[in-house]
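One structure is given below, encoded as structure tokens.
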Amino acid sequence: MKYYVLFGPPGAGKGTQAGAMAERFHLCHISTGELLRSEIAAGTPLGMEAKALIDAGNLVPDEVVEGMIEAKFDSVKGVDGFLLDGFPRTVAQADALKDMVARRGESVTACVSLMIPDALVHERIAHRAQLEGRADDARDEVVSNRIQNYHSKTEPLIAYYKAAGLYCEIDGVGTIDEVRERIFKVMA
Ligand code: AP5
Ligand code: MG
């Protein structure tokens with residue numbers, strides 16, 4: 001089984017590229033952000049707990065997302081691997097992922113990192129806010145907080161995966177097709 005981490009700041013294009021990556025390499029795409037938004041929409045206790053944190057641009061507790069990922073690993077069959085979009089996002093989550101895949105006799109395959117500058121994050125999210133109505137896209141201060149959380153809590157994973165020899169950085173600036181071709185080249 002392959003275990004790909006799809007990494008990058010908010011608006012880097014993780015969700016945009018994930019579908020084609022999953023199709024091409026027969027992976028199950030798991031977006032922790034999407035899973036959490038489904039919980040919110042369904043009004044579950046977990047969703048209610050997560051909503052205030054997400055709407056403010058803060059991370060939800062590590063145990064919450066780790067549990068969601070493990071449940072998917074346990075239940076999804078018939079794929080060649082998993083594409084983890086937006087997970088891990090902290091060093092603790094990365095350690096938990098390492099343990100989860102080790103318990104399955106496997107290891108993380110690669111961290112595919114989409115890189116764009118902060119100014120482009122604002123631009124892309126402002127554009128998506130017009131189209132999708134995500135609560136955490138609507139206010140500039142929330143977007144800034146997401147970027148700040150990315151730099152303080154998530155960016156340390158670059159060094160983490162570099163040290164493990166698993167880090168593949170891709171320039172996320174360009175058309176969607178150009179970025180997809182760059183990704184396919186490193187995953188082939
Ligand atoms: P999540 O849903 O993961 O949000 P995010 O990381 O902020 O990333 P986005 O979904 O905003 O960006 P994306 O990279 O998917 O970009 P997209 O492809 O849509 O998480 C939301 C929240 O949930 C978090 O803030 C946190 O609270 C919580 N959460 C989630 N995971 C967690 C975890 N592991 N631990 C704790 N908390 C967690 O693209 C953006 C826009 O740009 C789109 O409009 C798209 O059409 C456009 N676009 C994409 N590529 C291009 C291109 N090449 N050229 C032009 N436009 C492009
Ligand atoms: Mg996304």
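Please treat every number below as a calculation from the coordinates, not as lab data. Worth saying up front: this structure is predicted, and the values here are computed from it rather than measured. Note that we place each Cβ from the backbone using ideal geometry, even for glycine, and neighbour counts take in every protein chain shown.
Just a few scattered comments:
- Between Arg37, Arg24, the distinction of being farther than 11 Å from Phe87 by Cβ, of a type in the set (Lys, Arg), in contact (Cβ under 8 Å) with a residue 24 or more places away in the chain and within 12 Å of ligand 1 (Cβ to nearest atom) belongs to Arg37 only.
- Residues that are within 13 Å of ligand 2 (Cβ to nearest atom) and under 25 Å from Tyr4 (Cα atoms), drawn from the range 117-137: Val121, Arg124, Ile125
- When Gly19, Gly86, Gly15, Gly11 are checked against the criterion of being within 26 Å of Thr175 (Cα to Cα), free of Cβ contacts under 8 Å to residues at least 24 places away in the same chain and within 16 Å of ligand 2 (Cβ to nearest atom), a single residue qualifies: Gly19.
- Test: residue in the range 146-165 that is among the hydrophobic types (A, V, I, L, M, F, W, C), within 20 Å of Ala52 (Cβ to Cβ), touching a residue at least 12 places away in the same chain (Cβ under 8 Å) and out of contact with any Lys or Arg (no Cβ under 8 Å at 6 or more places or on another chain): yes
- Screening Thr32 against (1) near ligand 1 (Cβ under 8 Å from one of its atoms); (2) surrounded by fewer than 21 Cβ atoms within 10 Å (Cβ to Cβ); (3) hydroxyl-bearing (Ser, Thr, Tyr) leaves a single unmet condition, (2).
- Screening the range 1-66 for helices (runs of 4 or more DSSP H) wholly inside it with 1 or more residues that are within 21 Å of Phe184 (Cβ to Cβ) and within 11 Å of the chain's Cα centre (by Cα) returns the ranges 14-25.
- Checked against (1) closer than 25 Å to His26 by Cβ; (2) among the charged types (D, E, K, R); (3) free of Cβ contacts under 8 Å to residues at least 12 places away in the same chain, Asp95 meets all criteria but (1).
- In the range 56-72, the count of residues that are on the phi > 0 side of the Ramachandran plot and either buried (at least 20 other Cβ atoms within 10 Å of the Cβ) or in contact with a helix residue (DSSP H, G or I) (Cβ under 6 Å, 6 or more places away or on another chain) (or both) is one or more.
- Test set (1) more than 10 Å from ligand 1 (Cβ to nearest atom); (2) free of Cβ contacts under 8 Å to residues at least 40 places away in the same chain; (3) among the aliphatic types (A, V, I, L, M); (4) touching a helix residue (DSSP H, G or I) at 6+ places or on another chain (Cβ under 9 Å) - Val112 fails condition number: (2)
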